[in-house]
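To keep things clear, I will list the structure first and then write my remarks on it.
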Amino acid sequence: MIRLDKYLAHLKYGTRKEVKKIIRSGAVRVNGEVIRNDDYKIDETTDEVIYDGFVLDYQEYYYLMMNKPDGYVSSNKDELDPSILNLVFEPYAFDLQCVGRLDVDTKGLLILTNDGKFNHAVTAPKRHVEKEYVMELEKPLSENDIQQLYAGVSIDDDLSKALSIKVIDEASYAMVIDEGKYHQVKRMMHAVNNEVLALKRIRIGALYLDENLEEGEYRALTKTEVEVLGG
Ligand code: URA
């Protein structure tokens with residue numbers, strides 16, 4: 001159950017003060033009846049709320065998958081570069097947080113949500129959720145570099161290990177890690193005297209980047225995708 005004014009404010013029909021005015025004006029119907037009390041409680045899962053002739057579709061939490069382009073920060077504020085949220089054309093866009101940041105120049109799979117518990121479940125270090133990156137390097141990795149990356153290279157006084165490294169072509173590889181330290185992939189490559197020229201995340205846990213998404217496009221995660229990742 002949720003108060004009618006809170007329900008409308010969550011859907012971005014205005015501030016709490018503005019939606020109270022809307023309700024008092026008699027513009028909102030619940031199950032066919034005009035409701036003028038802003039503290040009227042509704043069951044957001046079953047009650048039909050109509051405002052301005054539209055049946056409202058309430059969702060408490062939003063989960064989006066984006067194919068992040070280069071040049072945007074994974075933050076909900078603009079920094080030196082614009083926030084990725086400028087590409088989300090939804091009323092709730094600026095309520096979202098990134099589930100694990102990508103660098104400004106990293107592309108690929110980025111999940112956005114307003115569900116803090118889900119965000120924590122995916123990013124908590126002790127859950128060791130796998131992340132897979134495609135990296136284009138300055139030069140090929142030697143057999144010795146690959147052995148070192150599997151054994152672990154020192155980052156933040158700790159050993160960071162690759163769980164899998166697959167050759168894609170001469171100097172590009174798909175690497176799986178299960179940590180999310182700052183600039184982790186770039187620093188792992190520095191540790192073996194190499195340089196990342198381009199980086200793209202293609203998987204988080206069991207979730208692969210949807211190949212139908214062009215750079216900058218997004219779609220909602222399905223219920224199953226949310227359950228598999230956050231469970
Ligand atoms: N590792 C990096 O170095 N950068 C990213 O954006 C993600 C992982």
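The values are calculated or read from the model by the stated rules, or taken from the named source; none is laboratory data. Just so it is clear, the structure is predicted and the values come from calculations on it, not from any experiment. Don't worry about glycine lacking a Cβ; one is built from the backbone with ideal geometry, like all the others, and counts go over all protein chains shown.
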Exercise. Which condition number in (1) buried (at least 17 other Cβ atoms within 10 Å of the Cβ); (2) in contact with a helix residue (DSSP H, G or I) (Cβ under 7 Å, 6 or more places away or on another chain); (3) closer than 26 Å to Ala206 by Cβ is the one that Ile42 fails?
Worked result: (3)
For this session: State the number of residues belonging to segment 13-39 that are surrounded by 14 or more Cβ atoms within 10 Å (Cβ to Cβ) and under 21 Å from Tyr62 (Cβ atoms).
Result: 3
For this session: Show the residue pairs that are 6+ apart or on different chains and have beta-carbon atoms under 7 Å apart, the first residue being within segment 1-28 and not assigned by TED's automatic domain parsing to the domain that holds Tyr40, the second being assigned to a helix (DSSP H, G or I) and of a type in the set (S, T, N, Q).
Result: none
Exercise. Out of all the residues in segment 180-197, which are at pLDDT 95 or above, near the ligand (Cβ under 10 Å from one of its atoms) and not in a strand (DSSP E or B)?
Worked result: His183, Gln184, Val185, Lys186, Arg187, Met188, Met189, His190
For this session: Might you check whether a residue that is outside the structural domain of Phe89 (by TED's automatic domain parsing) and within 16 Å of the ligand (Cβ to nearest atom) occurs anywhere in segment 211-220?
Result: no
Seminar exercise, completed: Looking across segment 124-158 at residues that are assigned to a helix (DSSP H, G or I) and at pLDDT below 95, the single one that is nearest to Gly71 (Cα to Cα) is Pro125
For this session: Examine segment 213-223 for a residue that is of a type in the set (A, V, I, L, M, F, W, C), farther than 21 Å from Thr113 by Cβ and surrounded by 14 or more Cβ atoms within 10 Å (Cβ to Cβ), and state whether such a residue exists.
Result: no
For this session: Please go through segment 108-124 and pick out each residue that is touching a strand residue (DSSP E or B) at 6+ places or on another chain (Cβ under 9 Å) and among the small types (Gly, Ala, Ser).
Result: Gly108, Gly116
Seminar exercise, completed: Picking from Gly116, Gly108, the residue that is under 13 Å from the mean Cα position of the chain (by Cα), modelled with pLDDT of 95 or more, under 30 Å from Glu214 (Cα atoms) and surrounded by fewer than 16 Cβ atoms within 10 Å (Cβ to Cβ) would be Gly116
Exercise. In this structure, does Val73 turn out to be closer than 30 Å to Tyr208 by Cβ and of a type outside the set (Asp, Glu)?
Worked result: yes
